[in-house]
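The next block holds one structure in the form of structure tokens; read it before the comments.
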Amino acid sequence: MADRISDLWGTRTPHARDTSWPIRVDQHLEPGLTAADVDDWVQSACTLCSNGCACDIAVKDGRMVGVRGRPGDVVNHGRLGPKGLYGSWQWSRSERLTRPLVRRGGELRETDWDTAMDLIARRSRELLDEFGPLSHGFYTSGQLFLEEYYTLSVLGKAGLGTPHMDGNTRLCTATAAAALKQSFGSDGQPGSYADIEACDALFLFGHNMAETQTVLWSRVLDRLRGPEPPVVVAVDPRRTPVTEAAVETGGVHLAPLPGTNQALMNGLVRELLEHGWVDHDYIAAHTVGYDELAATVKPYTPERVAEICRIEARDLRRAAEVFGTSRRVLSTVLQGFYQSHQASAASCQVNNLHLLRGLLGRPGSGVLQMNGQPTAQNTRECGADGDLPGFRNWDNPEHIRQLADLWNVDPLTIPHWAPPTHAMQIWRYAEQGSIRLLWISATNPAVSLPELPRIRKILARDDLFVVVQDGFHTETAEYADVVLPAALWGEKQGTFTNADRTVHLSEKAVEPPGEARADLDIFLDYARRMDLRDRDGGPLLPWSDPEGAFEAWKECSRGRPCDYTGLSYDRLRGDTGIRWPCTDEYPDGRERLYEDGVFPTHADVCESYGRDPLTGGTTSREQYLATRPDGRAFLRAAEYVAPPETPDDEFPFACTTGRTVYHFHTRTKTGRSRRLRRAAPEPWAELSARDAEALGIAEGDLVRVESARGRVDVPARIGRGRDGVVFLPFHYGYWDSGADAHTRAANELTQTEWDPVSKQPLFKLSAVRVVRLGGGAGPAPAPTTAASAPADPAAVAPTSGDDDVHEDVRPDLPRHSGTPHDTSHL
């Protein structure tokens with residue numbers, strides 16, 4: 001038995017390059033239970049990060065009582081991380097919403113479904129009659145199922161005709177989508193997790209994989225412990241297990257100042273060009289934009305980059321050498337780039353590095369512009385965010401006609417006169433009063449959005465009708481006019497797609513509590529009450545269950561890059577998830593994209609005509625055609641420009657926010673797991689040892705971190721990050737802070753600024769000051785197991801849990817190779 005609180009990544013199963021990742025089945029059950037006590041094991045996949053680890057839910061007496069990894073799955077080979085083991089099911093009956101709530105006399109009171117839904121439909125009709133569809137906004141999540149996103153997308157775009165639809169994916173993966181469109185013409189990850197088994201070098205750009213995708217990091221660790229390990233290069237201002245691996249493997253840890261990523265990337269590209277570490281034949285045949293890129297990066301010498309980023313020039317040279325001379329390179333990108341200044345430009349430079357060397361579409365050579373949520377990919381595919389379904393182009397009339405024919409509506413009904421409204425603009429419209437009904441599903445913006453004092457004022461507006469659809473009474477629900485109790489994972493059926501395009505089916509294991517309903521059923525109920533119809537008078541949404549919605553989505557995806565037409569619920573009930581595209585040409589899914597160097601950039605195919613990397617201005621079809629991409633990728637170029645906010649005499653520190661390994665988003669689920677809550681119970685502020693000494697701050701002292709927008713009062717962790725940078729975990733909302741009810745959420749400090757291309761907020765970039773308020777009652781509550789480890793390990797007791805996870809290492813079983821194998825004996 002293993003303690004997977006203290007041992008985050010579990011038992012090592014080392015293996016050599018180009019060999020299969022061994023199987024290890026992780027299992028955790030309620031105390032006192034064994035596998036023999038379980039009534040049923042129900043197929044699913046974990047939804048507490050973007051990795052998409054396949055698992056089975058243990059059911060006994062109608063309750064979820066545990067979970068185990070699925071050994072034959074291509075994603076995790078049986079492994080689960082701490083959140084999947086402890087947080088995926090233990091919240092299931094804790095503090096759940098069980099009946100609808102409506103606001104009466106200023107208070108939320110329980111009611112029945114007809115009353116709640118009739119109230120929503122009545123207010124919706126009133127606003128549509130008086131103000132039209134632009135009065136409606138929908139703000140959703142990266143945690144629903146594909147079938148629910150597609151239903152919501154059709155409901156909003158073809159039923160109501162509103163462009164105001166987006167999700168909290170805008171906060172975490174909008175830049176991933178933007179960078180893929182900008183470079184390759186369409187969303188969709190080029191690489192595969194299996195590239196970890198084959199790479200000679202692994203670059204992680206702003207990606208603390210050891211905490212954000214623990215099972216994926218287990219996969220890396222097993223390569224690092226085996227023969228011929230890859231060299232690791234990590235870009236992160238903090239010291240993390242990833243940056244430690246970089247040093248140990250002979251790579252390099254680059255710790256740029258927050259807000260300077262684009263200068264760093266321009267310097268890396270310049271070094272490749274200067275040393276001739278490029279494939280000119282590939283560039284000529286498969287890319288456009290080389291001359292502009294070369295001219296743009298020319299001034300970014302290692303010395304200039306070192307001055308801007310406050311790094312060593314020799315470290316930049318070493319990183320470029322690793323990239324330029326390694327035969328097979330895998331790069332991953334996440335929030336350290338996505339939530340920072342010039343996010344899309346810097347992420348495109350990662351794509352540029354691979355295009356310059358022709359390192360795409362081959363085992364061990366690829367890019368993973370990672371996601372932050374389990375179903376973020378589906379939000380983007382289905383058009384429940386600021387996109388059109390099937391990766392279609394809002395500026396292409398033929399794509400609009402395709403959707404109109406599919407949905408049997410007038411093309412003019414589908415909003416396409418301007419780009420779909422992104423989340424930050426949706427909230428601005430609500431602030432200005434033009435959006436008067438805001439429907440929030442499966443997310444908690446009162447904690448997760450930037451500049452929370454502003455968000456609270458918006459939610460509290462008298463002229464804004466707020467619908468909150470969730471499984472728990474969150475901070476956001478406090479502002480709702482109607483709260484709808486939703487079924488959660490394990491309580492409903494649906495599919496979802498992870499960050500490397502692998503589709504999993506999650507079956508319903510148990511009934512939801514009380515009167516809670518699946519999100520799909522709630523959306524369909526609203527559509528029926530609104531009497532949404534196609535132009536022949538038939539129901540706009542003719543499906544009534546998840547499988548019907550999935551079949552409808554398949555037709556929407558037909559012929560597009562994310563083609564699902566070869567998939568079905570029956571096929572997904574097999575031993576493993578299956579990647580898209582899944583078609584007659586790729587009946588078992590396509591492991592990697594762009595093997596042939598042909599990209600979806602033709603003007604009739606592409607998802608976007610592109611945007612200016614500095615201003616975000618859209619490119620017209622005529623301008624796009626003039627570049628003659630014709631299936632070639634774009635080498636995007638952008639100068640480095642100074643960030644909108646930098647430290648000064650009043651606010652001398654750069655503050656960055658992020659995650660801890662034990663929690664997911666705003667802790668609505670993980671905060672209700674005893675083991676995860678005990679491992680990271682409260683927020684903290686992380687300072688470098690040198691900065692803490694200068695301020696007279698000791699481990700555990702109470703400190704105030706304050707920006708121009710707000711403040712938080714939390715204990716100090718004397719950590720291992722770079723000088724001048726403060727780190728705050730963003731998970732914690734105001735309910736933990738007692739009488740001073742808004743002083744512990746990191747987003748009190750963050751700014752309402754966003755990337756011009758992806759529109760993703762700049763969470764990683766706030767200027768703050770730090771003041772000691774007094775002594776603490778002991779060490780900060782930060783975990784000791786990963787990036788938040790103390791500078792002095794002896795000063796803090798190690799984070800630990802219980803020996804309650806069974807790890808079954810099975811090297812005799814092969815990884816999934818397309819032919820399912822019997823795992824019933826496990």
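The values are calculated or read from the model by the stated rules, or taken from the named source; none is laboratory data. Small disclaimer: the values here were computed from a predicted structure and weren't measured. We place every Cβ from the backbone using ideal geometry, glycine too, and count neighbours over all the protein chains shown.
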Mind listing whichever residues of region 231-269 are assigned to a helix (DSSP H, G or I) and within 18 Å of Leu359 (Cβ to Cβ)?
Met265, Leu268, Val269
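Starting from residues that are of a type in the set (A, V, I, L, M) and modelled with pLDDT of 95 or more, keep the ones in region 748-777 and report whichever is surrounded by the most Cβ atoms within 10 Å (Cβ to Cβ). Even if it seems obvious, please write down each step before you answer.
Taking region 748-777 first, the residues of a type in the set (A, V, I, L, M) are 749, 757, 762, 765, 767-768, 770-771, 773, 777.
Filter again for modelled with pLDDT of 95 or more, leaving 749, 757, 762, 767-768, 770-771, 773.
On the way: Leu749: 26, Val757: 29, Leu762: 24, Ala767: 21, Val768: 25, Val770: 20, Val771: 13, Leu773: 13.
Only one residue tops the list, namely Val757.
Is it the case that Arg103 is closer than 30 Å to Val467 by Cβ and in contact with a strand residue (DSSP E or B) (Cβ under 7 Å, 6 or more places away or on another chain)?
On the way: closer than 30 Å to Val467 by Cβ: yes; in contact with a strand residue (DSSP E or B) (Cβ under 7 Å, 6 or more places away or on another chain): no.
In short, no.
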Tell me yes or no: at least one residue of region 668-679 is at pLDDT 95 or above and assigned to a loop (DSSP other than H, G, I, E, B).
no
Restricting attention to region 87-100, which residues are in contact with a His (Cβ under 8 Å, 6 or more places away or on another chain) and modelled with pLDDT of 95 or more?
Leu97
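Would you point out which residue out of Leu273, Leu355 is within 26 Å of the chain's Cα centre (by Cα) and either aliphatic (A, V, I, L, M) or under 15 Å from Arg636 (Cα atoms) (or both)? Let's see the steps before the verdict.
Working: Leu273 fails: within 26 Å of the chain's Cα centre (by Cα).
Sole residue among the options that is within 26 Å of the chain's Cα centre (by Cα) and either aliphatic (A, V, I, L, M) or under 15 Å from Arg636 (Cα atoms) (or both): Leu355.
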Checking the condition surrounded by 24 or more Cβ atoms within 10 Å (Cβ to Cβ), more than 21 Å from Gly577 (Cβ to Cβ) and of a type in the set (A, V, I, L, M), which residue from Ile57, Ile5 passes?
Ile5
Of all residues making up region 782-810, the number that are surrounded by fewer than 18 Cβ atoms within 10 Å (Cβ to Cβ) and assigned to a strand (DSSP E or B)
4
Does region 377-387 contain any residue that is of a type in the set (A, V, I, L, M), within 28 Å of Glu228 (Cα to Cα) and in contact with a Leu (Cβ under 9 Å, 6 or more places away or on another chain)?
no
Could you tell me whether Asn378 is surrounded by 23 or more Cβ atoms within 10 Å (Cβ to Cβ), of a type outside the set (Val, Ile, Thr) and over 30 Å from Trp91 (Cα atoms)?
no
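Being touching a residue at least 60 places away in the same chain (Cβ under 8 Å), farther than 19 Å from Gly801 by Cα and surrounded by fewer than 24 Cβ atoms within 10 Å (Cβ to Cβ) narrows it down to one of Arg99, Arg70, so name that one. Spell out how you get there, then give the answer.
Details: Arg70 fails: surrounded by fewer than 24 Cβ atoms within 10 Å (Cβ to Cβ).
The unique qualifying residue is Arg99.
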Out of Leu625, Leu572, Leu614, which single residue is in the same structural domain as Ala285 (by TED's automatic domain parsing), over 27 Å from Glu398 (Cβ atoms) and not hydroxyl-bearing (Ser, Thr, Tyr)?
Leu614
If Phe664 satisfies every condition in (1) under 25 Å from Glu292 (Cα atoms); (2) part of a loop (DSSP other than H, G, I, E, B) but one, which is the exception?
(1)
Any residue that is closer than 30 Å to Val288 by Cβ, hydrophobic (A, V, I, L, M, F, W, C) and buried (at least 17 other Cβ atoms within 10 Å of the Cβ) - is there at least one of those in region 562-572?
yes
Would you be able to tell me the number of residues in region 554-569 that are under 15 Å from Leu403 (Cα atoms), part of a helix (DSSP H, G or I) and in contact (Cβ under 8 Å) with a residue 60 or more places away in the chain?
3
Could you check how many residues of region 93-128 are out of contact with any Lys or Arg (no Cβ under 7 Å at 6 or more places or on another chain), assigned to a loop (DSSP other than H, G, I, E, B) and within 30 Å of Leu29 (Cβ to Cβ)?
3
Report, ordered by the first and then the second residue, all pairs with beta carbons closer than 6 Å, sequence separation of six or more or different chains, a first member in region 578-600 that is within 20 Å of Val74 (Cα to Cα), and a second member that is at pLDDT below 95 and part of a loop (DSSP other than H, G, I, E, B).
Asp588/Gly818
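Given the structure, is Tyr290 surrounded by fewer than 20 Cβ atoms within 10 Å (Cβ to Cβ) and touching a residue at least 40 places away in the same chain (Cβ under 8 Å)?
Numbers: surrounded by fewer than 20 Cβ atoms within 10 Å (Cβ to Cβ): yes; touching a residue at least 40 places away in the same chain (Cβ under 8 Å): yes.
So Tyr290 passes the test.
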Selection from region 251-284 of residues among the acidic types (Asp, Glu) and touching an Asp or Glu at 6+ places or on another chain (Cβ under 7 Å) yields none
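Looking for whichever is within 21 Å of Pro798 (Cα to Cα), small (Gly, Ala, Ser) and in a loop (DSSP other than H, G, I, E, B) here; the options are Ala698, Ala603. Which one fits?
Working: Ala603 fails: within 21 Å of Pro798 (Cα to Cα).
Every option except Ala698 fails the conditions.
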Select from region 678-688 the residues that are touching a Lys or Arg at 6+ places or on another chain (Cβ under 8 Å) and farther than 9 Å from Ala716 by Cα and write down the one among them that is surrounded by the most Cβ atoms within 10 Å (Cβ to Cβ).
Pro683
Test: residue in region 468-481 that is touching a strand residue (DSSP E or B) at 6+ places or on another chain (Cβ under 6 Å), farther than 30 Å from Asp187 by Cα and hydrophobic (A, V, I, L, M, F, W, C):
yes
Filter result (in contact with a strand residue (DSSP E or B) (Cβ under 9 Å, 6 or more places away or on another chain) and more than 30 Å from Ala745 (Cβ to Cβ)) within region 631-662
Arg632, Ala633, Phe634, Leu635
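In region 616-628, is there at least one residue being among the polar types (S, T, N, Q), more than 25 Å from Leu268 (Cβ to Cβ) and not in a loop (DSSP other than H, G, I, E, B)?
Filtering region 616-628 for residues among the polar types (S, T, N, Q) gives 618-620, 623, 627.
Next, from what is left, pick out any that are more than 25 Å from Leu268 (Cβ to Cβ): 618-620, 623.
Those left that are additionally not in a loop (DSSP other than H, G, I, E, B): 618, 623.
Yes, some residue in region 616-628 is among the polar types (S, T, N, Q), more than 25 Å from Leu268 (Cβ to Cβ) and not in a loop (DSSP other than H, G, I, E, B).
A quick yes/no check of all residues on (1) of a type in the set (Asp, Glu); (2) under 29 Å from Thr576 (Cβ atoms):
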site	(1), (2)
Asp481	yes, no
Gly514	no, no
Pro546	no, yes
Phe550	no, yes
Looking at the structure I just gave you, is Pro542 part of a loop (DSSP other than H, G, I, E, B), more than 27 Å from the chain's Cα centre (by Cα) and surrounded by fewer than 24 Cβ atoms within 10 Å (Cβ to Cβ)?
yes
In region 401-412, which residue that is assigned to a helix (DSSP H, G or I) and in contact with a Leu (Cβ under 9 Å, 6 or more places away or on another chain) is surrounded by the fewest Cβ atoms within 10 Å (Cβ to Cβ)?
Pro411
